[in-house]
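Asks: Before I ask anything, let me first share the structure, which is written out below as structure tokens.
What follows is calculated from the coordinates using simple rules that are stated; it is not laboratory data. Quick caveat: nothing in here was measured; it's all calculated off a predicted structure. All Cβ positions, even for glycine, are placed from backbone atoms using ideal geometry, and neighbour counts span all protein chains on display.
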Amino acid sequence: MDTPTMTMLLFGGSGRTGQVMHRVAKSAGWQVVAPTRGQCDLRNADEVSRTVLDSGAQVVVNCAAVSGLEACLDDPLTAHRVNAMAPAAMALACRHTGARFVHLSTDYVLTGHRPGLKDESTRCKPINTYGESKREGELQVLEALPQALVLRVSWICGNPSMPSFVESTLQKALAGQPLAAIGDKWSLPTDAEDIARVVLKLVATEHDGVLHVCSGGEPLSWHDCATLALQTAVAAGALPGMPEITRQRLAEATFFRAERPCHTAMNNHRLLSTGIHMPTAAETLQRVTLRYLAQAQ
């Protein structure tokens, strides 16, 4: 007898993580329904609720967010509606339908003043509008549906069609352009494919609450990430030699208007305790670099 097809309702399916989530879930046999912005306005909580209630989905995954820090600074109301009210509406609707709910959050809910790896019990006190709206989303989701999974991710990369800092650096290096990277801001780069893989594994379990879904290893700066990615490109023969990367300080990045936290690297020990393996940050950067180079050829 054939196994019935499971349906996933995916919000944010056009984003960096959502695109990968859609592809990975579909490859795993899921029927994926990913409403566009025109089909579901995330600024309208009632519309979000109706979309979930009418979907018939067994699993709802929220990859959607207003993630631009300056965009959140300029329009905090929209940031609050999309990053907090919309996921709360999803969670409430899932409580009615019985669907499993997975909400992606961010390391930017952390204050980021102290160095070192942060676990799920670390106090959250975000320092910008984006982080505040995402933290409010976490709290509202878990209040509405304690069985929900809130997955904090960091420095998402690995989708060549929507370049992150890693892919953008490789693109500039291949074009022979000058390179610069901030050296006093630390976290852990995470492959979007790993995030999608973790989601599919966790929805089949009874785990709930907040989990840090990020690469392992010690915190890296953007300068460290750029260096490791370019070293991989040199080793792969894509670059003739290691280009110079100017080291910048976060305080010198005048193009940033919203404050950025400096130390938001998370440990993933709780996730590992579920039996799910994650690569180190160095392994992630190597894999993401080779994927980008393969597509760039």
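Asks: For the chain, what is the mean residue ellipticity at 222 nm derived from helices alone (per DSSP H run of n ≥ 4: -39500 (n - 2.57); sum divided by total residues; nearest 500 deg cm²/dmol)?
Replies: Values: 11 runs with 118 residues, N = 297.
Calculated at 222 nm, the ellipticity per residue is -12000 deg cm²/dmol.
Asks: Using a/c under 1.5 as the rounded threshold, could you call the stretch 1-58 rounded, prolate or oblate? The axes a ≥ b ≥ c are square roots of the C-alpha gyration tensor eigenvalues, and prolate needs a/b larger than b/c, oblate otherwise.
Replies: Here the stretch 1-58 falls in the oblate category.
Asks: Give me the net charge of Met278's neighbourhood, meaning all other residues with Cβ under 10 Å from the Cβ of Met278; Lys, Arg count +1, Asp, Glu -1. All intermediate terms of the calculation are to be shown ahead of the outcome.
Replies: Numbers: positive: Arg197; negative: Asp191, Asp194, Glu283.
Net local charge, Met278 excluded: -2.
Asks: Okay, next question. Give the calculated FRET efficiency between Ala235 and Arg37 to the nearest 0.05, with a Förster radius of 41 Å applied to their Cβ-Cβ distance.
Replies: It comes out at approximately 0.50.
Asks: Compute for the stretch 105-162: radius of gyration divided by Kirkwood radius, i.e. Rg/Rh, restricted to C-alpha atoms, rounded to two decimals.
Replies: Values: Rg = 12.7 Å, Rh = 12.6 Å.
Checking Rg against Rh, the ratio lands at 1.01.
Asks: While we're looking at this one, here's another question. Count charges around Ala181 for me, please; just the other residues with Cβ under 15 Å from its Cβ, Lys/Arg as +1, Asp/Glu as -1. Please list the in-between numbers first.
Replies: Values: positive: Lys172, Lys185, Arg247, Arg249, Arg260; negative: Glu167, Asp184, Asp224, Glu244, Glu252.
Computed value for this residue: 0.
Asks: Now for a separate question. Out of Ser187, Ser273, Ser215, any idea which swings most in a Gaussian network model of the chain, alpha carbons joined below 10 Å?
Replies: Highest fluctuation among the options: Ser273.
Asks: May I ask what percent, to the nearest 5, of DSSP beta bridges between residues of the chain are antiparallel?
Replies: Numbers: 2 of 31 bridges.
If I count the DSSP bridges inside the chain, around 5 percent turn out antiparallel.
Asks: Counting residues in the stretch 30-188 as N, plug N into 2.2 N^0.38 Å and put the Cα Rg over that result.
Replies: Numbers: Rg = 17.3 Å, N = 159, 2.2 N^0.38 = 15.1 Å.
Dividing the Cα radius of gyration by 2.2 N^0.38 Å gives 1.15.
Asks: So, one more: Might you report the magnitude of the Cβ-based charge dipole of the chain about its Cα centre, with Lys and Arg at +1 and Asp and Glu at -1, to the nearest 20 debye? Show your work: numbers first, answer last.
Replies: Numbers: 27 positive and 28 negative charges, 29 e Å.
Rounded to the nearest 20 debye, it is 140 debye.
Asks: Moving on to the next point. Treat each spin label as a single point 7 Å out from the Cα along the C-beta direction, and report the Arg249 to Asn44 distance in nm.
Replies: 4.9
Asks: If you don't mind, another one. Using the count of nearby Cβ atoms within 10 Å as a rough guide to exposure, how do Asp54, Asp75, Asp194 rank from fewest to most?
Replies: Least to most surrounded, the residues fall as Asp54, Asp75, Asp194.
Asks: Give me the extension gain from Ser168 to Ala71: residue separation times 0.36 nm, minus the current Cα-Cα distance, reported in nm with one decimal.
Replies: On the way: separation 97, 0.36 × 97 = 34.92 nm, distance 2.04 nm.
Result for the pair: 32.9 nm of gain on full extension.
Asks: Along the Cα-to-Cβ line of His96, 7 Å from the Cα, sits a label point; which residues in the stretch 32-60 have backbone N less than 19 Å from it?
Replies: From the stretch 32-60, the list is 35, 40-60.
Asks: Under a Cβ-only charge scheme (Lys and Arg +1, Asp and Glu -1), can you give me the dipole magnitude of the stretch 151-194 about the Cα centre, in debye to the nearest 20? Spell out each step's value before the answer.
Replies: Values: 3 positive and 5 negative charges, 37 e Å.
Using only the charged Cβ atoms, the result is roughly 180 debye.
Asks: May I ask which residue of Trp30, Gly15, Cys72 lies farthest towards the positive end of the charge dipole of the stretch 1-141, with charges of +1 (Lys, Arg) and -1 (Asp, Glu) on Cβ and the Cα centre as origin?
Replies: Among Trp30, Gly15, Cys72, the one farthest towards the positive end of the dipole of the stretch 1-141 is Trp30.
Asks: Hey, another quick one. Can you bin the stretch 200-254 into rounded, prolate or oblate? Criterion: square roots of the alpha carbon gyration tensor eigenvalues sorted a ≥ b ≥ c, rounded for a/c under 1.5, prolate for a/b above b/c, oblate for the rest.
Replies: oblate
Asks: Translational D (Stokes-Einstein, µm²/s) of the chain at 25 °C and 0.890 mPa s when Rh comes from the Kirkwood sum over C-alpha pairs? Provide the component values of the computation, followed by the final result.
Replies: Details: Rh = 19.6 Å.
Calculated translational D: 125 µm²/s.
Asks: Tell me which lysines have Cα within less than 30 Å of Lys172's Cα, excluding those fewer than 8 residues away on the same chain?
Replies: Lys185
Asks: First obtain the Kirkwood hydrodynamic radius of the stretch 38-123 from its Cα pairs, then insert it into the Stokes-Einstein equation at 20 °C and 1.002 mPa s, and state the resulting D in µm² per second as a whole number.
Replies: On the way: Rh = 14.3 Å.
Value of D from the Cα-based Kirkwood radius: 150 µm²/s.
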